[in-house]
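Presented below is the structure to which this report refers.
The values are calculated or read from the model by the stated rules, or taken from the named source; none is laboratory data. Bear in mind that the values here come from a model prediction, so they are computed numbers and not experimental data. Neighbour counts are summed over all protein chains in view; Cβ atoms, including those assigned to glycine, are modelled from backbone coordinates with ideal geometry.
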Amino acid sequence: MKQIEVSNIIDPVPTSDGAGVKLKRSIGTPLIDYLDPFLMLDEFGSENKDDYIGGFPPHPHRGIETVTYMLNGEFEHEDSTGAKGKMSSGDVQWMKTGGGIIHSEMPAMSEGKLHGFQLWVNMPAKLKMSKPEYIYINAKQMQIHKDTEKKIKIIAGKFNGIEGPVKGHNVEPVYFDVELEKDKIFKFDLALTHNSFVYLIEGEIKIGDKNHDKVNGSTLIILAKGEKLKVKAVTKSKFLLISGKPIGEPIARGGPFVMNTKEEILKAVEDYQNGNFVQK
């Protein structure tokens, strides 16, 4: 089986979204526009309330799934399906926007540390106009593998026979939060067909057997195709491992809408402006 090595190392681009929330964007930039099926990856985090207090007021989406993972802090979610609730540290929301949803994510805190990630996953043409679905995963529902060397929170996929709460998904995702002690090694088999990456949150790691540039702090590491992943913690480290099966369809982007053609983007804008957007 083929050893997985590093394909590319990308420093996130500072940006802002919503009502001025400061972000680090690593997928969905000129450096890497799309890693099929992943359209965007943002890390948000600050101890300064001015960086996040504006939140993400109501806005639309069509044709994508948004996956929000909270490491620290609290957000209030509300959307056009009637779903609402508070996300706290360790929680995940997996929102399938389908044919149309309007939602808001607003901080439920006026001070303190906010830290988390949002990943956009593309939807295949056959599902882009499907009924929206909001999936909330409480931190207590999360499956965890823990030993003296590592702690793995399993959001999607399976590790050592332990399966995460997100199941039966068309892109067969893997989404792990891995904490690895200094000098210890994390090994995992990935599908040769999938696109995969590691996002280093803290610490310093070495991937594979070949030499690569030093990697520490908030960094996106694109993995070459292979099956055997080996990650060594040079220092105590925390990272995300994310993998998914490519959809292999053309994409057209229009802000919060991702479809297959420009005409479908124009139709999404028209539906939104005419009040015919929300799918129930």
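Specify which of the listed residues (Phe38, Phe44) is within 25 Å of Ile205 (Cβ to Cβ) and at pLDDT below 95.
Phe44 is the lone residue from the list that is within 25 Å of Ile205 (Cβ to Cβ) and at pLDDT below 95.
Collect the residues in the range 189-200 that are without any contact (Cβ under 8 Å) to a residue 60 or more places away in the chain and within 19 Å of the chain's Cα centre (by Cα), keeping them in residue-number order.
Ala191, His194, Val198, Leu200
Conditions (1) farther than 26 Å from Ile144 by Cα; (2) modelled with pLDDT under 90; (3) hydroxyl-bearing (Ser, Thr, Tyr), marked per residue:
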position: Asp91; (1), (2), (3): no, no, no
position: Gly99; (1), (2), (3): yes, no, no
position: Met106; (1), (2), (3): yes, yes, no
position: His115; (1), (2), (3): no, no, no
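Which of the residues spanning the range 127-169 are β-branched (Val, Ile, Thr) and either over 22 Å from Ile101 (Cα atoms) or free of Cβ contacts under 8 Å to residues at least 40 places away in the same chain (or both)?
Ile144, Thr148, Ile152, Ile154, Ile155, Ile162
Here's a check for you: in the range 115-140, which residue that is of a type in the set (A, V, I, L, M, F, W, C) and not in a helix (DSSP H, G or I) is surrounded by the fewest Cβ atoms within 10 Å (Cβ to Cβ)?
Ile135
So, in the range 173-210, how many residues would count as being surrounded by 19 or more Cβ atoms within 10 Å (Cβ to Cβ) and in a strand (DSSP E or B)?
Number satisfying all stated conditions: 18.
State whether the residues of the range 12-30 include one that is hydrophobic (A, V, I, L, M, F, W, C) and touching a Pro at 6+ places or on another chain (Cβ under 6 Å).
yes
Being over 15 Å from Glu181 (Cβ atoms), surrounded by fewer than 17 Cβ atoms within 10 Å (Cβ to Cβ) and touching a strand residue (DSSP E or B) at 6+ places or on another chain (Cβ under 6 Å) is the filter here, so list the residues in the range 225-236 that pass it.
Glu227, Lys228, Lys230
Restricting the first residue to the range 211-224 and requiring it to be in contact (Cβ under 8 Å) with a residue 60 or more places away in the chain and surrounded by 14 or more Cβ atoms within 10 Å (Cβ to Cβ), which pairs with a second residue that is of a type outside the set (Val, Ile, Thr) and part of a loop (DSSP other than H, G, I, E, B) meet a Cβ separation below 6 Å and a spacing of at least six or different chains?
Every condition considered, the pairs that remain are Ser218/Pro12; Ala224/Glu5.
From the residues in the range 57-67 that are within 19 Å of the chain's Cα centre (by Cα) and surrounded by fewer than 20 Cβ atoms within 10 Å (Cβ to Cβ), which one is farthest from Leu114 (Cα to Cα)?
Checked the range 57-67; the qualifying residue farthest from Leu114 (Cα to Cα) is Pro60.
Show the residue pairs meeting these rules: Cβ distance below 7 Å; 6+ apart or different chains; first residue within the range 244-271 and within 13 Å of Gly99 (Cβ to Cβ); second residue in a helix (DSSP H, G or I) and not hydroxyl-bearing (Ser, Thr, Tyr).
Within 7 Å, the pairs are Phe257/Ile265; Phe257/Ala268; Met259/Ile265; Met259/Ala268.
Anything in the range 156-170 that is among the hydrophobic types (A, V, I, L, M, F, W, C) and under 21 Å from Gln93 (Cβ atoms)? List them, or say none.
Hits for the range 156-170 are Ala156, Val166.
How many residues does the range 187-220 contain that are touching a Phe, Trp or Tyr at 6+ places or on another chain (Cβ under 9 Å) and modelled with pLDDT of 95 or more?
Residues that pass the stated criteria total 12.
Can you tell me which of Thr29, Thr81, Thr15 is among the β-branched types (Val, Ile, Thr), part of a loop (DSSP other than H, G, I, E, B) and over 16 Å from the mean Cα position of the chain (by Cα)?
It is Thr81.
Just one of the numbered conditions (1) within 27 Å of Leu192 (Cβ to Cβ); (2) surrounded by 18 or more Cβ atoms within 10 Å (Cβ to Cβ) is not true of Lys245; which one?
Here Lys245 clears every test but (2).
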